[in-house]
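The values are calculated or read from the model by the stated rules, or taken from the named source; none is laboratory data. The model shown is predicted, which means the values in this text are computed figures rather than measured ones. Glycine gets a Cβ as well: all are built from the backbone with ideal geometry, and neighbour counts include every protein chain shown. What goes into the accessible areas is simple: the full protein's heavy atoms, side chains included, and nothing from ligands, DNA or RNA. Shrake-Rupley method; radii C 1.70, N 1.55, O 1.52, S 1.80 Å.
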Amino acid sequence: MSGQLPPKKEREAIVRIALDVPRAAHLDAVEPADLTFDYRTSIVASPGQRVIVPWGRRELVGLVVAEVQQSSLAEERIRPIVALLDDVSALSPAWFQLVRFAAQYYQRPLGEVALPALPSLLRRPSGYRLSEGAYRSRSMTGLQKKLKALLPGEACAGEPAPILSAEQASAAEVICSVVTDEGRFAPYLLHGVTGSGKTEVYLAAIAAALARGRQVLVLVPEINLTPQLEQVFRARFASAVVAILNSGMADGARAVNWLAAHEGQADILLGTRMAVLASLPRLGLIIVDEEHDPSFKQQEGLRYSARDLAVVRAQQAAIPIVLGSATPSLESWSQALRGRYVKLVLAKRAQEDARLPAIRLIDTRRAKLEHGFSEPLRTAIAARLERGEQSLVFLNRRGYAPVLSCPACTWISDCRRCSAHAVFHRPDGLMHCHHCGWSARVPRACPECGNQDLAPLGRGTQRVEETLANWFPQARLARIDRDSTRRQGSAQTMFEAVHAGEVDILVGTQMVAKGHDFRNLTLVGVVDADTALFSQDFRAGERLFANLMQVAGRAGRADKPGEVLIQTRFPHHELFTALVAHDFERFAQQQLAERKGAGLPPFAHHALLRAEATSLAQALGFLEQARSCALARAEEFGITVYDAVPMALMRLANLERAQLLIESSARPALQAFLAQWMAQLHALHSRLAWHVEVDPLDI
Ligand SMILES: [Zn+2]
Ligand SMILES: [Zn+2]
């Protein structure tokens, strides 16, 4: 952070700079596919440094990619950079390698991947002012003060590690040996049943990496899971600097934590998917907890999988990576079966005599349901209340009822802007669209026929909570879903109340299924597990199994045996028989056999082209053009081109959406095809919005 300008060069150089600008904003005839642009400079600007450059009449922060000998632009059109920003160290070549891979693999321009990976405070030109001949950040001094506050005071020992079980110890030993033996890529799939103590294995590996002076990146699927893990890290590694990165942080906090990682002060970076692109100069180990979780997939902009990028990052950095889960993704599982990942198994619960919960199915074709509950489930909850134990009622559907209907005619509550139903929420008396956010007051009478008695159809968590409150007026109830935890910090407060024993019955969506250990919880009731069984989404079964296994794992964690009751109309479905036996391997085998037969991932690789327009014909028209381009090269690249079809949720926020699926049995072939296809797609100069998604989760 010198007060002087960097040394001047004798002759001006041309540097190529990555910018995050919308593609269409660049109107040059030859459009650089990666959104890098040439500028002149008379000062030494090295790759990885940030600069301020003119862009039209504005100024932008960009990243120097390289110095180039020649530009395709005419000399008089190359503009000079405005300033070099030297307030933070340059991004490393290793970081660029990762970002470049992400850009190429997911078919996005480099600038659009690289710049958003930096905290917003570091990419706003308005944050800088010219003083004594140098550009200085307005906020950097404040940030550096906060950065100091992250550092621990006096070094102290931290809590000692507990004695590991034999399984934990041998898994930890395998990973630690690679952490110590530096310079080797080693991917591990840690398959541990719920309650088997995967975290202790992570901690042992982290300790080994820290002892060698390396940084550790720990990815978790949800913001809610960071506070408890952060506490564990701070308690165990008292002298280590723990930085946090997630999308819920304010700009300043994000910048401070990002800088701590980037400048090498942070020893552990704990974060959600965005943290995978953080700059970590001393990185020695990556851990992805709950690696199967769909939240690792970003669903907009750069549609990347943080888990997949983490594996690539470990490979590039030649370090070990641990993917942990009780229900691994079928992608990772098949990698382990093929010997590409080393499988480590924790088959027993960590605490001695803590057994896996007994899972029982309640056949709802026979059992009579009252307000969605069978008699055995209701009785089981009552028994827990009497014994002073906690129950969890799981239903993966928020709101009061998924739809309002008129019994006198055919009216149902539809979203005005989507081809979806609007969900009835009782607390605010509104109908909400869970897809686009549209909401409206529930009409007093049916808009079609005037009937005054509109009926809620089906049930969501609010309705289940209401039923339980009626039946058990003395019980302390809590509902945890996205509606009840909208306020920042409220999820944390509610989870703490459950831990403190201030809740008797907890009603929740999959938010409660992840990672939280409730010591006094001995019953899990699953109200309706069937909706996902026959979904057109080929991953629905995998998700349902993972969700149910996770939620079942909440029961009986400590010394009390747990019971799980699942209400279903299909008790003989193979998913449930595997679940009752706690047999992930059997389930995975069934699913993989089905996927192989149907030619689905992980046996095939997909890319989706999606288009949206005000009319479906327009969207399909564009996709047809794209399809002809693809068909012309299909044989050459060995790809399959499917028909252009409307998406399952066809209309979203007043736009009609359609998609085109491309499939290949080989990833490199698909990548090669996509690279040339993207150029063709851009050349179509279509005005409608479209994007390509590589490895989509939903097709
Ligand atoms: Zn009606
Ligand atoms: Zn909507």
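The table that follows gives values for the structure above.
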item	result
Residue within segment 304-313 that is at pLDDT 95 or above, assigned to a helix (DSSP H, G or I) and either more than 30 Å from residue 609 (Cβ to Cβ) or among the basic types (Lys, Arg) (or both) present	yes
Given (1) within 16 Å of ligand 1 (Cβ to nearest atom); (2) open to solvent by less than 60 Å² (accessible area, probe 1.4 Å), number of the condition residue 448 does not satisfy	(2)
Any hit, segment 332-346, residues being over 30 Å from residue 577 (Cβ atoms), free of Cβ contacts under 8 Å to residues at least 40 places away in the same chain and of a type outside the set (S, T, N, Q)	no
Single residue of segment 673-699 satisfying the filter (within 25 Å of the chain's Cα centre (by Cα) and over 19 Å from residue 331 (Cα atoms)) that is surrounded by the most Cβ atoms within 10 Å (Cβ to Cβ)	674
Count of segment 520-529 residues which are closer than 15 Å to residue 362 by Cβ and either in a loop (DSSP other than H, G, I, E, B) or free of Cβ contacts under 8 Å to residues at least 24 places away in the same chain (or both)	3
Exclusive hit being touching a residue at least 24 places away in the same chain (Cβ under 8 Å), within 16 Å of ligand 1 (Cβ to nearest atom) and open to solvent by 20 Å² or more (accessible area, probe 1.4 Å), set 483, 504, 517, 453	453
Output for segment 391-405, where each listed residue is assigned to a loop (DSSP other than H, G, I, E, B) and within 16 Å of ligand 2 (Cβ to nearest atom)	398, 399, 402
Qualifying residue in segment 614-622 (condition: part of a loop (DSSP other than H, G, I, E, B), within 16 Å of ligand 2 (Cβ to nearest atom), of a type outside the set (A, V, I, L, M) and open to solvent by 70 Å² or more (accessible area, probe 1.4 Å))	yes
Residue selected from segment 398-441 under the condition of a type in the set (Val, Ile, Thr) and open to solvent by less than 40 Å² (accessible area, probe 1.4 Å), by the criterion nearest to residue 510 (Cα to Cα)	423
1 or more residues open to solvent by 10 Å² or more (accessible area, probe 1.4 Å) and of a type in the set (Ser, Thr, Tyr): qualifying helices (runs of 4 or more DSSP H) within segment 530-602	574-580
Selection status of residue 478, assigned to a strand (DSSP E or B) and assigned by TED's automatic domain parsing to the domain that holds residue 504	yes
Qualifying residue in segment 128-140 (condition: at pLDDT below 85, buried (at least 20 other Cβ atoms within 10 Å of the Cβ) and among the aliphatic types (A, V, I, L, M))	yes
Selection status of residue 630, crowded, with 17+ Cβ neighbours inside 10 Å, closer than 30 Å to residue 675 by Cα and out of contact with any helix residue (DSSP H, G or I) (no Cβ under 8 Å at 6 or more places or on another chain)	no
Any chance residue 345 is in contact with a helix residue (DSSP H, G or I) (Cβ under 9 Å, 6 or more places away or on another chain), open to solvent by 30 Å² or more (accessible area, probe 1.4 Å), more than 16 Å from ligand 2 (Cβ to nearest atom) and under 27 Å from residue 603 (Cβ atoms)	yes
Residues of segment 398-432 classified as among the small types (Gly, Ala, Ser) and more than 15 Å from ligand 1 (Cβ to nearest atom), total	6
Test result for residue 582, at positive phi and away from ligand 2 (no atom under 16 Å from the Cβ)	yes
Hits in segment 340-376 (condition: touching a strand residue (DSSP E or B) at 6+ places or on another chain (Cβ under 6 Å), over 21 Å from residue 511 (Cβ atoms) and not in a strand (DSSP E or B))	341, 364, 367, 376
Segment 640-698, residues that are assigned to a strand (DSSP E or B) and of a type in the set (Asp, Glu)	643, 656, 663, 693
Selected residue [farther than 29 Å from residue 518 by Cβ and among the acidic types (Asp, Glu)] from 291, 300	300
Number of the condition not met by residue 606 [criteria: (1) out of contact with any strand residue (DSSP E or B) (no Cβ under 9 Å at 6 or more places or on another chain); (2) closer than 19 Å to residue 699 by Cα]	(1)
Residues within segment 155-183 that are loosely packed, with under 11 Cβ neighbours inside 10 Å and on the phi < 0 side of the Ramachandran plot, tallied	7
Residues of segment 370-391 satisfying the condition of being farther than 15 Å from residue 465 by Cα and of a type in the set (Asp, Glu)	375, 386, 389
Given (1) over 30 Å from residue 520 (Cβ atoms); (2) within 28 Å of the chain's Cα centre (by Cα), index of the condition residue 566 fails	(1)
Some residue of segment 660-672 being within 16 Å of ligand 2 (Cβ to nearest atom) and within 27 Å of the chain's Cα centre (by Cα)	no
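Every residue, every condition in (1) over 30 Å from the mean Cα position of the chain (by Cα); (2) touching a residue at least 60 places away in the same chain (Cβ under 8 Å), yes or no:
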position: 601; (1), (2): no, yes
position: 605; (1), (2): no, yes
position: 619; (1), (2): no, yes
position: 633; (1), (2): yes, no
position: 636; (1), (2): yes, no
position: 644; (1), (2): no, no
position: 650; (1), (2): no, yes
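Okay, residues lined up against (1) near ligand 2 (Cβ under 7 Å from one of its atoms); (2) among the aliphatic types (A, V, I, L, M); (3) at pLDDT 95 or above:
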residue	(1), (2), (3)
410	no, no, no
419	no, no, no
423	no, yes, yes
428	no, no, no
432	no, no, yes
436	yes, no, no
443	no, no, no
446	no, no, yes
449	no, no, yes
